[in-house]
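These notes are about the structure you will find just below.
The values are calculated or read from the model by the stated rules, or taken from the named source; none is laboratory data. In this text, all values refer to a predicted model and were calculated from it rather than measured experimentally. All Cβ positions, glycine included, derive from the backbone under ideal geometry; neighbour counts span all protein chains shown. Just so you know, the surface numbers come from the protein's heavy atoms only, side chains and all, with ligands and any DNA or RNA stripped out. Shrake-Rupley method; radii C 1.70, N 1.55, O 1.52, S 1.80 Å.
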Amino acid sequence: MLFLFKFTSSQEGINILMKKIVILSGAGISAESGVKTFRDHDGLWNNYRIEEVASPEAWERDPEMVLEFYNQRRKQLFEVEPNAAHLALVELESKYNVQIITQNVDDLHERAGSQNVLHLHGELKKARSTKDESLVYELKQWQLKMGDLCEKGSQLRPHIVWFGEAVPNIGLAADMVAKADIFMVIGTSLLVYPAAGLINYVASGVPKYVIDPNAKDLNYPNLSTFKTKAGVGVPEIVKNLLKNKI
Ligand code: OAD
């Protein structure tokens with residue numbers, strides 16, 4: 001007898017059978033952990049000017065100020081924990097092939113236990129060389145200082161995509177979104193491109209869920225909006241997805 005199927009490893013086989021859920025998350029998913037968003041009334045960009053702390057020009061002009069801005073963010077990150085929304089997304093992995101694409105620079109998805117997390121805007125707990133961008137280092141402490149050098153002897157900078165810089169992972173993210181069977185958008189104002197444009201790569205007919213207490217009305221087919229906080233809305237949607245109710 002001839003076997004016409006090529007056998008895959010059991011995990012690979014399960015992943016092929018599972019539906020793929022792709023999630024685009026933003027600062028709102030971490031708000032209930034105590035991390036400030038950027039554009040809400042108490043958001044970071046109300047207290048800091050982007051061009052003074054989050055741009056290549058700012059780094060040229062006043063690197064100490066830039067380092068201090070990210071040091072404060074990093075210090076806080078060591079003090080906060082994942083919330084119910086991060087944790088619920090991990091549960092989805094029991095039945096779905098889950099890919100998170102996050103604009104967040106925190107590591108709360110990873111600490112909750114999500115397996116597949118792609119960071120679009122960099123990672124707060126990493127630093128990289130100003131001479132060779134392939135040299136990226138994990139930071140075990142919250143402070144990054146002038147005089148902290150890479151192995152080639154040049155200053156380390158925060159591993160963050162600043163305004164005006166390219167987003168290296170955007171092509172990968174678009175490919176992931178195009179393969180989604182279900183697409184979720186959680187806690188983002190969808191004001192910053194190219195990330196905000198990812199929704200346009202979703203294949204036609206794919207259900208889309210938006211969870212954000214201030215979600216704007218988006219005109220896409222098959223889109224359901226949940227105007228709730230992530231800590232409430234995400235566990236609810238996850239519960240229904242696990243029961244195949246939506
Ligand atoms: P924003 O601050 O622009 O938007 C945060 C969104 O989260 C808003 O739509 C809020 O309504 C929503 N929100 C607030 N609390 C929430 C909660 N408890 N649950 C769910 N949603 C909640 O943040 P982003 O859209 O993530 O980039 O910002 C995108 C990028 O702009 C960031 O990655 C950052 C920023 O400048 C860089 O620094 C490069």
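Listing for the model above:
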item: Listed pairs Lys20/Lys245; Lys179/Lys243; Lys19/Lys95; Lys126/Lys229; Lys125/Lys152 exceeding 18 Å between Cα atoms; result: Lys179/Lys243; Lys126/Lys229; Lys125/Lys152
item: Cα centroid separation, the range 41-112 to the range 225-246 (Å); result: 23 Å
item: Within the chain, helix-based [θ] at 222 nm, where runs of 4 or more DSSP H residues each add -39,500 (n - 2.57), nearest 500; result: -8000 deg cm²/dmol
item: Solvent-accessible area per residue for the range 136-227 (1.4 angstrom probe, square angstrom); result: 53 Å²
item: Restricting the range 114-153 to GluC sites (Glu not before Pro) in coil, as DSSP defines it, with at most 14 other Cβ within 10 Å; result: Glu133, Glu151
item: Gain in span if fully extended, Asp148 to Glu52, counting 0.36 nm per residue against the direct Cα distance; result: 32.4 nm
item: Among Ser129, Ser154, Ser204 the positive-end extreme of the charge dipole of the chain (Cβ point charges); result: Ser204
item: Kirkwood Rh, Cα atoms: Rg over Rh of the chain; result: 1.01
item: Tensor-based shape of the range 175-246 (alpha-carbon gyration tensor, a/c under 1.5 rounded, otherwise prolate or oblate); result: oblate
item: Loop-resident sites, the range 149-212, for trypsin sites (Lys or Arg not before Pro), counting at most 12 other Cβ within 10 Å (DSSP); result: Lys152
item: FRET efficiency, 1/(1 + (r/R0)^6) with R0 51 Å, evaluated for Lys227 and Leu135 via beta carbons; result: 0.70
item: Relative contact order %, the chain, counting alpha carbon pairs below 8 Å whose residues are six or more apart; result: 23 percent
item: Computed magnitude of the charge dipole of the range 17-114 (debye, nearest 20; Cβ of K, R +1, Cβ of D, E -1); result: 480 debye
item: Antiparallel DSSP beta bridges within the chain, as percent of all bridges there, nearest 5; result: 30 percent
item: Surface share of carbon and sulfur [accessible, 1.4 angstrom probe, percent] for the range 121-246; result: 52 percent
item: Stretchable slack from Arg61 to Arg39, in nm (0.36 nm times residue separation minus alpha-carbon distance); result: 5.5 nm
item: Whole-number percent relative contact order across the range 145-244, with pairs defined as alpha carbons under 8 Å at least 6 apart; result: 19 percent
item: Whole-angstrom Cα spans of the range 32-106 along principal axes, big to small; result: 49, 23, 22
item: DSSP-defined antiparallel bridges as percent of all bridges, the range 141-244, nearest 5; result: 10 percent
